[in-house]
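Derivation of every value follows stated rules applied to the coordinates shown; laboratory data play no part. In this text the structure is predicted, and so the values were computed from the model without any measurement. Ideal geometry is used to build each Cβ from the backbone, glycine not excepted, and the neighbour counts take in all protein chains shown.
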Amino acid sequence: MAEPASSSAAGAAGIAGWKAVGGIAGVAAGGAGLAAIVVMLMTQPRSPREWAVGLICTVLGSIAGGAAVIQRFDMLAWTHSYIGLAGVLGLVFACGLPGWALVRALFTYLEKRKDKDLGELADDVRKQLRGD
């Protein structure tokens, strides 16, 4: 009878690889994916292009924003336990939610002003910020 795969060298290497890289990365990817699913179900994209850009921005917002918050508040030690990983997953999830909202707002703003060039858009933003 053959040995189970978990006790073989390949199985041990796979588990070590998951722990070394995939554990934290898997949690970040899970949080990013969940954030993207939630926001896209709540506000449907209007076009395939908006869907793709929104997905990319939500995932990057989750991963980069979550990493920045974890680094800023020195929470890397949390990743050494399952409870801590669950907390990090929630944090990464929450950091991705604003990404989709910002992309939707930008798409809407630019769609309303699609006949203007970059200088005119900058003037509009400047006027709105001043309250003119």
List, in order, the whole-Hz ³J(HN,Hα) value for each residue of the range 117-126 obtained from phi through the Karplus relation with A = 6.51, B = -1.76, C = 1.60 and θ = phi - 60°; use x for Gly and Pro. 8, 4, x, 5, 5, 5, 4, 4, 5, 4
Of every Cα-Cα pair in the range 26-130, the percentage lying beyond 21 Å is 46
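Within 10 Å of each residue's Cβ, count the other Cβ atoms and sort Arg113, Arg130, Arg104, Arg49 from fewest upward.
Sorted ascending by nearby Cβ count, the order is Arg130, Arg49, Arg113, Arg104.
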If amide H atoms are modeled at 1.01 Å from N in the peptide plane, then the residues at a separation of 5 or more from Met75, or on another chain, having amide H under 5 Å from its own are none
